[in-house]
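This report refers to the structure that appears directly beneath it.
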């Protein structure tokens, strides 16, 4: 009987502490989920956002976010690094100096608009 009491004296406080921790955790769980919700959504959305940016950057046209006009990304572009001009995709690497992303943005063709359409590969989002 002494062995049973010794085990009970050792187990009961630890079990009570464990039950207390579980109860507190269950009460705090909804709060932590509410606080972490936006971060969880961002983490789940990030891979799809990257794929969407890659798809937009590899397209031959992009839509202006301001006026809605389709802007062609194929044409003659000047590299801001080496100042060389070549006929290529606006967001393709420079064929002369090899700069990774020569065009950070493309201006909309519409004279009344002129919105800067950002290169989605640079992480600023598509325009």
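The values are calculated or read from the model by the stated rules, or taken from the named source; none is laboratory data. Everything quoted here is computed from the prediction, not taken from an experiment. In this analysis, Cβ positions are derived from the backbone assuming ideal geometry, glycine residues included, and neighbour counts consider all displayed protein chains.
This table checks each residue for (1) surrounded by 10 or more Cβ atoms within 10 Å (Cβ to Cβ); (2) modelled with pLDDT under 75; (3) touching a helix residue (DSSP H, G or I) at 6+ places or on another chain (Cβ under 6 Å); (4) part of a loop (DSSP other than H, G, I, E, B).
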site: 7; (1), (2), (3), (4): yes, no, no, no
site: 20; (1), (2), (3), (4): yes, no, no, no
site: 45; (1), (2), (3), (4): yes, yes, no, no
site: 54; (1), (2), (3), (4): yes, yes, no, no
site: 67; (1), (2), (3), (4): yes, no, no, yes
site: 96; (1), (2), (3), (4): yes, no, no, yes
site: 100; (1), (2), (3), (4): yes, yes, no, yes
site: 106; (1), (2), (3), (4): yes, no, no, no
What single numbered condition from (1) modelled with pLDDT of 70 or more; (2) surrounded by 12 or more Cβ atoms within 10 Å (Cβ to Cβ); (3) over 19 Å from the mean Cα position of the chain (by Cα) fails to hold for residue 61?
(2)
Residue 114 passes all but one of (1) modelled with pLDDT of 80 or more; (2) part of a loop (DSSP other than H, G, I, E, B); (3) surrounded by 13 or more Cβ atoms within 10 Å (Cβ to Cβ); (4) in contact with a strand residue (DSSP E or B) (Cβ under 8 Å, 6 or more places away or on another chain); which number fails?
(3)
Any idea which residue in segment 77-93 is surrounded by the most Cβ atoms within 10 Å (Cβ to Cβ), counting only those that are within 18 Å of residue 120 (Cβ to Cβ) and in contact with a strand residue (DSSP E or B) (Cβ under 9 Å, 6 or more places away or on another chain)?
91
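Being at pLDDT 80 or above and either out of contact with any helix residue (DSSP H, G or I) (no Cβ under 8 Å at 6 or more places or on another chain) or surrounded by 12 or more Cβ atoms within 10 Å (Cβ to Cβ) (or both), is that true of even one residue in segment 118-127? Walk me through it before giving the result.
We begin by selecting, within segment 118-127, every residue at pLDDT 80 or above; these are 118.
In the following step, the residues that additionally are either out of contact with any helix residue (DSSP H, G or I) (no Cβ under 8 Å at 6 or more places or on another chain) or surrounded by 12 or more Cβ atoms within 10 Å (Cβ to Cβ) (or both) were identified as 118.
Looking through segment 118-127, at least one residue is at pLDDT 80 or above and either out of contact with any helix residue (DSSP H, G or I) (no Cβ under 8 Å at 6 or more places or on another chain) or surrounded by 12 or more Cβ atoms within 10 Å (Cβ to Cβ) (or both).
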